1. Each residue of the stretch 119-132 in turn: what ³J(HN,Hα) in whole Hz from Karplus with 6.51, -1.76, 1.60 and θ = phi - 60°, glycine and Pro shown as x?
2. Report the far tail of the P(r) of the stretch 51-145, meaning the percent of Cα-Cα pairs longer than 19 Å.
3. With all protein chains present, calculate the accessible area of T73 using a 1.4 Å probe and round the result to the nearest 10 Å².
4. For A130 and A39 in one chain, what is 0.36 nm times their gap in residues minus the Cα-Cα distance, to one decimal in nm?
Amino acid sequence: MKKSLLGSLVLFACLACLPLGACSSDVADQVPSNFAPAAYGTTNAGDGSHLELRFAPGTSPARGANAAELTITTPAGAPRDGLVLTVVPWMPSHGHGSSVVTTVTAKGTGKYVVDGLQFFMPGRWELRVAIGEPASDVVFTFDVP
Ligand SMILES: [Cu+2]
């Protein structure tokens, strides 16, 4: 597969931005809320927390702009609110992310909406989620058509 110059530039922009932590302060004014009832994916964090992943506007990840909703509960099923989440879209086979920095908005009842997900290439992507401090890391893996 050809690694494009654009991909390299996007990676640089992403890495340059991540350590600052201040890039995510611009909260998107149009955060989607039309998430499907059924979860697209589920997984468990190292601390036993359960995560459900939903996408919008489609029920599965699509090329271009997406939003995601993460629902996080304790092992007993109670919503986990007040968490600090860092969400990074990542394309492991190409070693790059996206130049767009995600924003995470807490919605209550364990729900967090992630905006600014740009899957600009088709192929396998990861959604890397760091929960809390110290971080408990979770990775969702899926294919973007
Ligand atoms: Cu790529």
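1. 9, 8, 10, x, x, 7, 10, 10, 10, 8, 10, 9, 10, x
2. On the way: 1635 of 4465 pairs.
Of all Cα-Cα distances in the stretch 51-145, 37 percent exceed 19 Å.
3. Its heavy atoms expose roughly 30 Å² to the probe.
4. 30.8 nm
The values are calculated or read from the model by the stated rules, or taken from the named source; none is laboratory data. Since we're looking at a predicted model, the values are computed, not measured. Keep in mind that these areas ignore ligands, DNA and RNA; they rest on the heavy atoms of the full protein, side chains included. Shrake-Rupley method; radii C 1.70, N 1.55, O 1.52, S 1.80 Å.
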